[in-house]
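The values are calculated or read from the model by the stated rules, or taken from the named source; none is laboratory data. Since we're looking at a predicted model, the values are computed, not measured. Positions of Cβ are generated from backbone atoms using ideal geometry, with glycine treated the same way; all protein chains shown enter the neighbour counts. These area figures cover heavy atoms from the full protein model, side chains too; ligands, DNA and RNA do not enter into them. Shrake-Rupley method; radii C 1.70, N 1.55, O 1.52, S 1.80 Å.
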Amino acid sequence: MSSVFIVSAPSGSGKSTLVERLLSSVPGLTFSISYTTRSPRGHEKNGQDYFFIPAEEFQVMIEGGEFLEWAVLFGKDYYGTARRFLEEARRQGHDLVLDIDVQGAAQIKQKLPDAASIFILPPSRDALVARLRGRGEDAEEVIQRRLGRAAGEIEDYSKYDYVVINDWIEQAAEKLCAIVLAARVSRQAGAGADPAANDPEAKRWLELAHACRTASVSEQVQPILETFSTARK
Ligand code: 5GP
(Lines give C-alpha, C1' and ligand atoms only; values in the text may rest on other atoms or scores of the structure.)
Protein backbone atom coordinates (compact mmCIF):
# COMPACT_ATOMS: atom_id res chain seq x y z
CA MET A 1 0.00 0.00 0.00
CA SER A 2 1.21 3.50 -0.76
CA SER A 3 0.30 6.85 0.72
CA VAL A 4 -0.13 10.11 -1.13
CA PHE A 5 1.24 13.38 0.27
CA ILE A 6 0.03 16.64 -1.21
CA VAL A 7 2.21 19.70 -0.66
CA SER A 8 0.83 23.16 -1.50
CA ALA A 9 2.17 26.64 -0.82
CA PRO A 10 2.10 30.14 -2.23
CA SER A 11 4.95 30.79 -4.63
CA GLY A 12 8.04 31.98 -2.74
CA SER A 13 7.32 30.03 0.45
CA GLY A 14 10.34 27.80 -0.02
CA LYS A 15 8.23 24.81 -1.03
CA SER A 16 10.60 23.52 -3.72
CA THR A 17 13.55 23.50 -1.32
CA LEU A 18 11.48 21.72 1.33
CA VAL A 19 10.23 19.10 -1.12
CA GLU A 20 13.82 18.53 -2.31
CA ARG A 21 14.91 18.03 1.30
CA LEU A 22 12.04 15.60 1.85
CA LEU A 23 12.90 13.55 -1.23
CA SER A 24 16.60 13.37 -0.35
CA SER A 25 16.03 12.55 3.35
CA VAL A 26 13.20 10.04 3.24
CA PRO A 27 13.63 6.87 1.15
CA GLY A 28 10.81 5.25 -0.78
CA LEU A 29 9.20 8.42 -2.14
CA THR A 30 8.24 9.08 -5.75
CA PHE A 31 7.77 12.68 -6.86
CA SER A 32 5.02 13.22 -9.38
CA ILE A 33 6.32 15.38 -12.23
CA SER A 34 3.37 17.43 -13.45
CA TYR A 35 2.42 18.26 -17.01
CA THR A 36 2.00 21.91 -17.87
CA THR A 37 1.30 24.10 -20.88
CA ARG A 38 3.34 27.00 -19.48
CA SER A 39 6.79 27.75 -20.88
CA PRO A 40 9.87 26.61 -18.99
CA ARG A 41 11.69 29.23 -16.89
CA GLY A 42 15.44 29.73 -17.30
CA HIS A 43 16.84 26.81 -15.29
CA GLU A 44 13.93 24.37 -15.73
CA LYS A 45 14.32 21.09 -17.60
CA ASN A 46 11.67 19.13 -19.45
CA GLY A 47 10.98 15.79 -17.74
CA GLN A 48 12.63 16.97 -14.54
CA ASP A 49 10.73 20.03 -13.28
CA TYR A 50 7.68 19.49 -15.48
CA PHE A 51 6.70 17.87 -18.73
CA PHE A 52 6.19 20.98 -20.84
CA ILE A 53 3.60 20.20 -23.50
CA PRO A 54 1.44 22.17 -25.95
CA ALA A 55 -2.20 22.89 -25.04
CA GLU A 56 -3.45 20.50 -27.78
CA GLU A 57 -1.51 17.61 -26.27
CA PHE A 58 -2.81 18.48 -22.79
CA GLN A 59 -6.36 18.38 -24.16
CA VAL A 60 -5.77 14.92 -25.64
CA MET A 61 -4.51 13.71 -22.25
CA ILE A 62 -7.64 15.12 -20.52
CA GLU A 63 -9.88 13.35 -23.02
CA GLY A 64 -7.90 10.12 -22.60
CA GLY A 65 -8.51 10.22 -18.81
CA GLU A 66 -4.78 10.35 -18.17
CA PHE A 67 -4.96 12.88 -15.33
CA LEU A 68 -5.72 12.22 -11.69
CA GLU A 69 -6.42 15.94 -11.44
CA TRP A 70 -5.81 19.03 -13.52
CA ALA A 71 -6.40 22.75 -13.12
CA VAL A 72 -6.11 26.01 -15.02
CA LEU A 73 -3.92 28.49 -13.18
CA PHE A 74 -3.30 32.19 -13.73
CA GLY A 75 -6.29 32.14 -16.08
CA LYS A 76 -4.34 30.48 -18.88
CA ASP A 77 -1.87 27.73 -18.00
CA TYR A 78 -2.92 24.11 -17.57
CA TYR A 79 -1.29 21.93 -14.93
CA GLY A 80 -2.04 18.25 -14.33
CA THR A 81 -0.98 15.20 -12.35
CA ALA A 82 -0.66 12.08 -14.47
CA ARG A 83 -2.40 8.99 -13.16
CA ARG A 84 0.59 6.86 -14.16
CA PHE A 85 2.77 8.32 -11.37
CA LEU A 86 0.38 6.93 -8.76
CA GLU A 87 0.26 3.56 -10.53
CA GLU A 88 4.06 3.49 -10.75
CA ALA A 89 4.48 4.44 -7.05
CA ARG A 90 2.04 1.69 -6.05
CA ARG A 91 3.89 -0.86 -8.15
CA GLN A 92 7.16 0.06 -6.47
CA GLY A 93 5.64 0.20 -2.97
CA HIS A 94 6.59 3.90 -2.79
CA ASP A 95 4.65 6.82 -1.34
CA LEU A 96 3.80 9.57 -3.80
CA VAL A 97 4.53 13.27 -3.29
CA LEU A 98 2.49 15.83 -5.22
CA ASP A 99 3.41 19.52 -5.47
CA ILE A 100 0.10 20.96 -6.60
CA ASP A 101 -2.16 23.95 -5.99
CA VAL A 102 -5.24 24.29 -3.80
CA GLN A 103 -7.68 23.26 -6.57
CA GLY A 104 -5.65 20.16 -7.35
CA ALA A 105 -5.41 19.28 -3.66
CA ALA A 106 -9.22 19.40 -3.36
CA GLN A 107 -9.65 17.10 -6.38
CA ILE A 108 -7.14 14.57 -5.02
CA LYS A 109 -8.79 14.60 -1.58
CA GLN A 110 -12.10 13.81 -3.24
CA LYS A 111 -10.66 10.85 -5.16
CA LEU A 112 -8.21 9.67 -2.51
CA PRO A 113 -9.61 10.66 0.91
CA ASP A 114 -6.65 9.06 2.71
CA ALA A 115 -4.16 11.39 1.04
CA ALA A 116 -2.43 13.67 3.57
CA SER A 117 -2.37 17.34 2.63
CA ILE A 118 0.28 19.74 3.86
CA PHE A 119 0.22 23.52 3.47
CA ILE A 120 3.50 25.43 3.70
CA LEU A 121 3.17 28.95 5.03
CA PRO A 122 5.74 31.74 4.96
CA PRO A 123 6.25 33.29 8.42
CA SER A 124 4.82 36.64 7.25
CA ARG A 125 3.93 38.64 4.16
CA ASP A 126 7.19 40.62 4.54
CA ALA A 127 9.19 37.39 4.52
CA LEU A 128 7.40 36.30 1.33
CA VAL A 129 8.09 39.68 -0.31
CA ALA A 130 11.77 39.44 0.67
CA ARG A 131 12.05 35.91 -0.78
CA LEU A 132 10.28 36.79 -4.02
CA ARG A 133 12.50 39.87 -4.51
CA GLY A 134 15.61 37.99 -3.38
CA ARG A 135 15.13 35.30 -6.04
CA GLY A 136 15.58 38.02 -8.63
CA GLU A 137 13.47 35.97 -11.06
CA ASP A 138 10.40 38.13 -11.41
CA ALA A 139 9.61 41.70 -12.33
CA GLU A 140 7.95 43.81 -9.60
CA GLU A 141 4.62 43.55 -11.40
CA VAL A 142 4.81 39.73 -11.36
CA ILE A 143 5.79 39.81 -7.69
CA GLN A 144 2.73 41.92 -6.88
CA ARG A 145 0.53 39.47 -8.79
CA ARG A 146 2.03 36.52 -6.90
CA LEU A 147 1.44 38.34 -3.58
CA GLY A 148 -2.19 38.97 -4.45
CA ARG A 149 -2.61 35.31 -5.32
CA ALA A 150 -0.78 34.21 -2.15
CA ALA A 151 -3.24 36.16 0.03
CA GLY A 152 -6.12 34.19 -1.51
CA GLU A 153 -4.35 30.81 -1.35
CA ILE A 154 -3.38 31.27 2.29
CA GLU A 155 -7.02 31.62 3.29
CA ASP A 156 -7.50 27.99 2.23
CA TYR A 157 -4.94 26.67 4.71
CA SER A 158 -7.66 25.27 6.98
CA LYS A 159 -8.70 22.75 4.30
CA TYR A 160 -5.33 21.00 4.75
CA ASP A 161 -4.48 18.32 7.30
CA TYR A 162 -1.13 19.86 8.27
CA VAL A 163 0.50 23.29 8.22
CA VAL A 164 4.26 23.79 8.21
CA ILE A 165 5.43 27.35 8.87
CA ASN A 166 8.68 27.88 7.01
CA ASP A 167 10.49 30.29 9.33
CA TRP A 168 13.67 28.21 9.60
CA ILE A 169 14.32 25.88 6.72
CA GLU A 170 16.01 23.18 8.85
CA GLN A 171 13.10 22.98 11.28
CA ALA A 172 10.50 23.16 8.56
CA ALA A 173 12.24 20.35 6.61
CA GLU A 174 12.37 18.22 9.76
CA LYS A 175 8.64 18.74 10.30
CA LEU A 176 7.78 17.87 6.71
CA CYS A 177 9.83 14.66 6.92
CA ALA A 178 8.25 13.83 10.29
CA ILE A 179 4.73 14.13 8.84
CA VAL A 180 5.58 11.60 6.13
CA LEU A 181 7.45 9.25 8.46
CA ALA A 182 4.75 9.41 11.14
CA ALA A 183 2.07 8.52 8.59
CA ARG A 184 4.22 5.61 7.44
CA VAL A 185 4.85 4.16 10.90
CA SER A 186 1.16 4.56 11.78
CA ARG A 187 0.15 2.73 8.62
CA GLN A 188 2.69 -0.03 9.25
CA ALA A 189 1.61 -0.46 12.87
CA GLY A 190 -2.02 -0.91 11.81
CA ALA A 191 -5.22 0.08 13.56
CA GLY A 192 -5.23 -0.09 17.34
CA ALA A 193 -1.46 -0.60 17.68
CA ASP A 194 0.91 1.98 19.18
CA PRO A 195 3.26 2.99 16.35
CA ALA A 196 5.72 4.50 18.84
CA ALA A 197 5.97 1.45 21.07
CA ASN A 198 9.66 1.04 22.02
CA ASP A 199 10.73 3.36 19.22
CA PRO A 200 11.86 6.82 20.41
CA GLU A 201 12.47 8.00 16.82
CA ALA A 202 8.91 7.14 15.79
CA LYS A 203 7.65 8.86 18.94
CA ARG A 204 9.43 12.07 17.91
CA TRP A 205 7.99 11.91 14.36
CA LEU A 206 4.50 11.42 15.76
CA GLU A 207 4.90 14.34 18.17
CA LEU A 208 6.26 16.66 15.49
CA ALA A 209 3.51 15.64 13.06
CA HIS A 210 0.84 16.12 15.69
CA ALA A 211 2.14 19.63 16.42
CA CYS A 212 1.70 20.44 12.70
CA ARG A 213 -1.95 19.30 12.61
CA THR A 214 -4.00 22.24 11.31
CA ALA A 215 -6.02 22.44 14.52
CA SER A 216 -2.79 22.53 16.58
CA VAL A 217 -1.22 25.46 14.70
CA SER A 218 -4.20 27.81 14.35
CA GLU A 219 -2.88 30.19 17.01
CA GLN A 220 0.43 30.53 15.19
CA VAL A 221 -1.29 30.94 11.83
CA GLN A 222 -3.61 33.80 12.82
CA PRO A 223 -0.90 36.50 13.12
CA ILE A 224 0.54 35.38 9.75
CA LEU A 225 -2.87 35.68 8.08
CA GLU A 226 -3.23 39.14 9.59
CA THR A 227 -0.03 40.35 7.90
CA PHE A 228 -1.69 39.45 4.58
CA SER A 229 -5.11 40.88 5.32
CA THR A 230 -3.67 44.16 6.71
CA ALA A 231 -1.71 44.63 3.48
CA ARG A 232 -4.91 44.31 1.47
CA LYS A 233 -6.73 47.07 3.38
P1 5GP B 1 4.80 27.22 -11.15
O2 5GP B 1 4.26 27.64 -12.47
O3 5GP B 1 5.27 28.41 -10.33
O4 5GP B 1 5.82 26.12 -11.25
O5 5GP B 1 3.59 26.58 -10.33
C6 5GP B 1 2.44 27.30 -10.12
C7 5GP B 1 1.50 26.48 -9.25
O8 5GP B 1 1.09 25.30 -9.94
C9 5GP B 1 2.11 25.99 -7.93
O10 5GP B 1 1.19 26.32 -6.89
C11 5GP B 1 2.19 24.48 -8.11
O12 5GP B 1 2.02 23.81 -6.87
C13 5GP B 1 1.01 24.25 -9.02
N14 5GP B 1 1.09 22.97 -9.73
C15 5GP B 1 2.18 22.37 -10.23
N16 5GP B 1 1.84 21.21 -10.82
C17 5GP B 1 0.50 21.06 -10.67
C18 5GP B 1 -0.43 20.04 -11.04
O19 5GP B 1 -0.11 19.02 -11.64
N20 5GP B 1 -1.73 20.26 -10.71
C21 5GP B 1 -2.14 21.38 -10.05
N22 5GP B 1 -3.43 21.48 -9.75
N23 5GP B 1 -1.30 22.35 -9.68
C24 5GP B 1 0.02 22.19 -9.99
Open item on the list: What is the distance in Å between the Cα centroid of the range 12-28 and that of the range 64-94?
Closed with: 19
Open item on the list: Apply the Karplus curve 6.51 cos²θ - 1.76 cosθ + 1.60, θ = phi - 60°, to the phi angles in the range 64-80 and return the couplings in whole Hz, x for Gly and Pro.
Closed with: x, x, 7, 9, 6, 7, 8, 8, 9, 10, 6, x, 8, 8, 9, 9, x
TODO: Please give every one of the aspartates and glutamates within straight-line cross-link reach of Lys45, meaning a C-alpha to C-alpha distance under 20 Å, and leave out same-chain neighbours fewer than 8 residues apart.
DONE: Glu20, Glu57, Asp77, Asp99, Glu137, Asp138
TODO: Ignoring everything but the protein chains, give the 1.4 Å probe accessible area of Tyr78 in square angstrom, nearest 10.
DONE: 60
Open item on the list: Per residue, how much accessible surface does the range 75-233 expose to a 1.4 Å probe? Answer in Å², no decimals.
Closed with: 53
Open item on the list: Could you work out [θ]222 nm for the chain from helices alone, using -39500 (n - 2.57) per DSSP H run of at least four and dividing by all its residues? Round to the nearest 500 deg cm²/dmol.
Closed with: -16000 deg cm²/dmol
- [ ] Would you list the P(r) distribution for the chain, with all Cα-Cα distances sorted into 10 Å bins from 0 and each bin expressed as a whole %?
- [x] 7, 31, 37, 20, 5, 0
Task: FRET efficiency, 1/(1 + (r/R0)^6) with R0 30 Å, evaluated for Arg131 and Arg204 via beta carbons - done: 0.55
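Could you tell me the convex hull volume per residue, in Å³, taken over the Cα atoms of the range 88-184?
Values: hull volume 12.5 nm³, N = 97.
Looking at the range 88-184, the number lands at 129 Å³ per residue.
For the range 41-104, what is Rg from Cα atoms divided by 2.2 N^0.38 Å, rounded to two decimals? Show your work: numbers first, answer last.
Working: Rg = 12.6 Å, N = 64, 2.2 N^0.38 = 10.7 Å.
This ratio for the range 41-104 stands at 1.18.
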Open item on the list: List the lysines whose Cα sits under 28 Å from the Cα of Lys203, skipping any in the same chain fewer than 8 residues away.
Closed with: Lys15, Lys109, Lys159, Lys175
